[in-house]
Amino acid sequence: MMRWGMVEVVVEGVTSFLLFHEFRRLLKVAALCRRNDIKCSQSITLAAITISLSGIFIVFFISGLGALLNVADSPSLVAGNQEDGRIFRRVYVEKVLDGDTVQLSTGERVVYKGIDSPEPGGGAGWLSEYSSAAKELNRRLVEGKRVTLEMEKAQRDKYNRIVAYVHVDDVFVNAELTSRGLAMAVIYRPEDRYNLLLSRLQEEAKSFNRGIWKYAVSAEDELEKPIVGNRMTKIYHLPEDRYYDLINPLNKVYFVTEEAAGSAGYRRAKY
């Protein structure tokens, strides 16, 4: 995307050319009138008005264009709803980095709040497939477009990335990725605005085995098969084990008995 300084130079060059062209036309009209000894006050007046109006129009055009581009690129512009503390910012997405991270035209990076998409090259092979799918959907939704960042405060993470909900046109991008099973809902603070929405969309994606939830199990399975294994480490845990509830939901595998887990190539966790 062009920066305002470059656009300003181009537009001012075009402006100078157009005004110079109109001024030459005015001189030609005046010279023609002198040669033919006729009165051309009406033609000269009309040409002068044309030059003036052209100049005014172009000045307003430059001002409006500058304001528009500055809105898109300004790193400090915020327009907040002071009643509920939210901050909104219009930005231009230059590049999509992965399923939940983008780079702006200002060079800043934004990570999507409340969700976590599979990392490229990380996790099981089947997860890498969905990492690519999440990035591609994100690219189609936001790359090369102006989007609106919604922040509950001017928040950044430890990598100095802006943490925000992202909207483009009438699409809530965080929710769209979660609904399609291409991101997990992550609750950082209980009071975050879209916790319930993102959690509900995740449960819906799990119930239809969408995307990363293609191996999701039902609540009945969790009750009937109390032994849980980690498909990444090939280690299983019993309900009383310390890390039983800490396994990534994407990696959980359930078994009825320890014998069944052992037959599948899993071993008991050591504490």
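FYI, it's all coordinate maths here, none of it is from the lab. Please read all numbers here as calculations on a predicted model, not as lab measurements. As a convention, Cβ positions derive from the backbone with ideal geometry for all residues, glycine included, and neighbour counts pool all protein chains shown.
A few points about this structure:
- D192/E108 FRET efficiency (R0 35 Å; Cβ-Cβ; nearest 0.05): 0.95
- Full extension of the chain segment joining M232 with N160 gains 22.9 nm, where the gain is 0.36 nm per residue of separation less the Cα-Cα distance.
- Taking a ≥ b ≥ c as the square roots of the eigenvalues of the Cα gyration tensor, an a/c ratio of 1.5 or more together with a/b no larger than b/c marks the range 79-212 as oblate.
- Shape call, the range 127-271: gyration tensor on alpha carbons, a/c limit 1.5: prolate
- Flagged links, alpha-carbon separation over 20 Å, of K113/K153; K95/K153; K135/K214: K95/K153
- Length gained on full extension, A264 to K153, computed as 0.36 nm times the residue gap minus the Cα-Cα distance: 35.2 nm.
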